[in-house]
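Everything on this sheet refers to the single structure shown next.
Computed from the coordinates by the stated procedures, all read-outs in this text should not be read as laboratory data. Remember, predicted model here, so these are calculated numbers, not experimental data. Positions of Cβ are backbone-derived with ideal geometry, glycine not excepted, and every protein chain shown enters the neighbour counts.
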Amino acid sequence: MSATAFLKNYRVSPRKARLIADQIRGKGVEDALVLLDLSPKRFSRTLAKLVRSALSNAEEKNNRDQAGIDIDNLVVTKITVDQGPSMWRIRPRAQGRASWIQKKTSNVKVVLSEE
């Protein structure tokens, strides 16, 4: 039995988000939340919120289906960070020129399941 949570089109580059996601993959939920709370990266707060959302989804699924999920033994089994749509902006440059700036977004999926 597993529980999932999604975060779509969040304004952080996927490369920066994967650095934090790799740290918590395979860890228990409590250990992952401690790591995320101690991390200085900006995306770690959002990812902690997403893990808590997946944990809440697991609890709700347990109450609804009477599946017998042990909430204490949940592990972050799968976490994927994919690139979402990019926003393009124009930045003025010297001598009347302009350059394009690409603002990337990320789609994140967290899957929790029992050991």
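Table for the structure above
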quantity: Long-range HN-HN contacts of Lys78 with modeled amide H, under 5 Å; calculated: Val111
quantity: Local electrostatic count at Val76 - Lys and Arg +1, Asp and Glu -1, tallied over other residues with Cβ under 13 Å; calculated: 0
quantity: Folded to 0 to 90 degrees: helix 14-24 orientation relative to the chain principal axis, Cα; calculated: 20 degrees
quantity: Overall dimensions of the chain by Cα: Rg and Dmax, Å; calculated: 17.6, 68
quantity: Euclidean distance between Cα centres, region 18-40 to region 71-108, Å; calculated: 20 Å
quantity: Helical contribution to [θ] at 222 nm, DSSP H n ≥ 4, -39,500 (n - 2.57), averaged over the chain, rounded to 500; calculated: -12500 deg cm²/dmol
quantity: Taking Glu115, Glu59 and counting other C-beta atoms within 10 Å, the order from fewest to most; calculated: Glu115, Glu59
